[in-house]
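One structure below.
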Amino acid sequence: MDNHLKTVGAISSMFSLMSNSEDKGVDQRARFYATIHGISFPPDWHELPVEEKIARIDALDKLALEEVSDEN
């Protein structure tokens, strides 16, 4: 995976710590990932419960950050 994913994963992870609103925070984190070619979200993304959105974005963060540790 390219450096863009690693960068977005780190930013998303940090943003989750700083965000005051879970709902707005997770949607912003999704927008970060939407900048990566090949990553898309389901058409019903905005209808999912906040908890499900957070779980999915956290999984993306984990994948991106694991890629960083695997290369070091």
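The values are calculated or read from the model by the stated rules, or taken from the named source; none is laboratory data. In this text, all values refer to a predicted model and were calculated from it rather than measured experimentally. Every residue, glycine as well, gets a Cβ built from its backbone with ideal geometry; the counts of neighbours run over all protein chains shown. Side chains included, ligands, DNA and RNA excluded: accessible areas come from the protein's heavy atoms. Shrake-Rupley method; radii C 1.70, N 1.55, O 1.52, S 1.80 Å.
Out of (1) part of a loop (DSSP other than H, G, I, E, B); (2) modelled with pLDDT of 90 or more, the odd one out for N20 is which?
(2)
Suppose we keep only residues that are part of a helix (DSSP H, G or I) and among the aliphatic types (A, V, I, L, M) within region 29-49. Which one would you say is least open to solvent (accessible area, probe 1.4 Å)?
If we take residues in region 29-49 being part of a helix (DSSP H, G or I) and among the aliphatic types (A, V, I, L, M), then A30 is least open to solvent (accessible area, probe 1.4 Å).
Restricting region 29-51 to residues that are farther than 19 Å from G9 by Cβ and of a type in the set (D, E, K, R), which is nearest to the chain's Cα centre (by Cα)?
E51
Test each condition in (1) within 24 Å of N3 (Cα to Cα); (2) surrounded by 15 or more Cβ atoms within 10 Å (Cβ to Cβ) for L63 and report the one that comes out false.
Here L63 clears every test but (2).
Out of the residues in region 1-28 that are surrounded by fewer than 15 Cβ atoms within 10 Å (Cβ to Cβ) and acidic (D, E), which is farthest from the chain's Cα centre (by Cα)?
D2
Could you grab me the full set of residues in region 14-57 that are within 20 Å of H4 (Cα to Cα), basic (K, R) and either touching a Cys at 6+ places or on another chain (Cβ under 7 Å) or in contact (Cβ under 8 Å) with a residue 24 or more places away in the chain (or both)?
Listed by number, the list holds a single entry, R29.
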